[in-house]
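Q: Below: one structure in structure tokens.
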Ligand code: DC
């Protein structure tokens, strides 16, 4: 699709397990734009803090560590320094600990610059506060939703595909707890931007969702 604007920014927000990453990655691929998975950045911070026994509270220790924090991406791989942490940031231990670190204003402030720096060549970014805080001037804001049960089923399928053993009820209750915490925190809570297009993906396939977002992108980026 010919893009009329320079450096287009498309953001996709929504709760855990709604399929944001898969859809956003595919949109980025089709539009030949860089892809930014901001959840991976919060996960990487969580991994660093857990490894170094720094609790989720605003402290000189945590600030010092955030000062030195850097994360990089290569395709689907995520690196802290030179270390590939792609698999380790997706473990249940990180799932269970990421929300308290993400709720800290100091963490969010540090990460704001890191995220905004990535927009130079345009991007498709996914997360919780892309449309509300990080890229409020995005060309297109999409907010994906799906019932908690559907999201838990999708997470189970992902884990089963990776050869992991899963407990549906546990995944469902963890997803609910994480959504509750992400939606009710004081800073940058999970919520659609006023100008976001809300898309309920319950019962829709990955292809359906991708096509709908591509239609929205085509309209947004060609001014149609
Ligand atoms: O999308 P994910 O499940 O990988 O995100 C992990 C956690 O990171 C999520 O529970 C909340 C936090 N997060 C956030 O607070 N803001 C973002 N933009 C992205 C993720």
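Q: Looking only at the stretch 142-177, filter to residues that are at pLDDT 95 or above and within 13 Å of the ligand (Cβ to nearest atom); which one of those is surrounded by the most Cβ atoms within 10 Å (Cβ to Cβ)? So that I can check it myself, show each step before the final result.
A: Within the stretch 142-177, the first condition is being at pLDDT 95 or above, and the residues that meet it are 142-144.
Applying the additional criterion that residues be within 13 Å of the ligand (Cβ to nearest atom) yields 143-144.
Numbers: 143: 24, 144: 26.
Only one residue tops the list, namely 144.
Q: OK, next. Might you check whether a residue that is under 30 Å from residue 150 (Cα atoms), surrounded by 18 or more Cβ atoms within 10 Å (Cβ to Cβ) and within 13 Å of the ligand (Cβ to nearest atom) occurs anywhere in the stretch 57-73? Talk me through it step by step, then tell me what you get.
A: Here is the first cut: in the stretch 57-73, the ones under 30 Å from residue 150 (Cα atoms) are 73.
Imposing the further condition that a residue be surrounded by 18 or more Cβ atoms within 10 Å (Cβ to Cβ) reduces the set to none.
Within the stretch 57-73, not a single residue is under 30 Å from residue 150 (Cα atoms), surrounded by 18 or more Cβ atoms within 10 Å (Cβ to Cβ) and within 13 Å of the ligand (Cβ to nearest atom).
Q: For the stretch 6-44: of the residues being within 8 Å of the ligand (Cβ to nearest atom) and part of a strand (DSSP E or B), which is surrounded by the fewest Cβ atoms within 10 Å (Cβ to Cβ)? Working first, answer last.
A: If we filter the stretch 6-44 for residues that are within 8 Å of the ligand (Cβ to nearest atom), which is where we start, we get 13, 16-17, 20-21, 37-43.
With the extra rule that they be part of a strand (DSSP E or B), the set shrinks to 13, 37.
On the way: 13: 28, 37: 20.
Applying the filter and picking the extreme gives 37.
Q: Please go through the stretch 80-106 and pick out each residue that is touching a strand residue (DSSP E or B) at 6+ places or on another chain (Cβ under 8 Å) and within 16 Å of the ligand (Cβ to nearest atom). Break it down into steps so the answer makes sense when it comes.
A: Filtering the stretch 80-106 for residues touching a strand residue (DSSP E or B) at 6+ places or on another chain (Cβ under 8 Å) gives 80, 84-86, 89.
Listed by number, the residues that qualify are 80, 85, 86, 89.
Q: Check the stretch 192-205 and report whether any residue there is part of a helix (DSSP H, G or I), at pLDDT 90 or above and more than 24 Å from residue 28 (Cβ to Cβ). I'd like the intermediate steps shown before the answer.
A: Filtering the stretch 192-205 down to residues part of a helix (DSSP H, G or I) leaves none.
Checked the stretch 192-205: no residue is part of a helix (DSSP H, G or I), at pLDDT 90 or above and more than 24 Å from residue 28 (Cβ to Cβ).
Q: Also, quick follow-up: In the stretch 115-133, which residues are in contact (Cβ under 8 Å) with a residue 60 or more places away in the chain, assigned to a helix (DSSP H, G or I) and either within 10 Å of the ligand (Cβ to nearest atom) or buried (at least 16 other Cβ atoms within 10 Å of the Cβ) (or both)? It would help to see each step written out before you state the result.
A: Of the residues in the stretch 115-133, the ones in contact (Cβ under 8 Å) with a residue 60 or more places away in the chain are 115, 118-132.
Adding the requirement that they be assigned to a helix (DSSP H, G or I) leaves 115, 118-121, 130-132.
Correct list: 115, 118, 119, 130, 131, 132.
The values are calculated or read from the model by the stated rules, or taken from the named source; none is laboratory data. The structure presented is a predicted model; accordingly, all values stated were derived computationally and were not measured. Every residue, glycine as well, gets a Cβ built from its backbone with ideal geometry; the counts of neighbours run over all protein chains shown.
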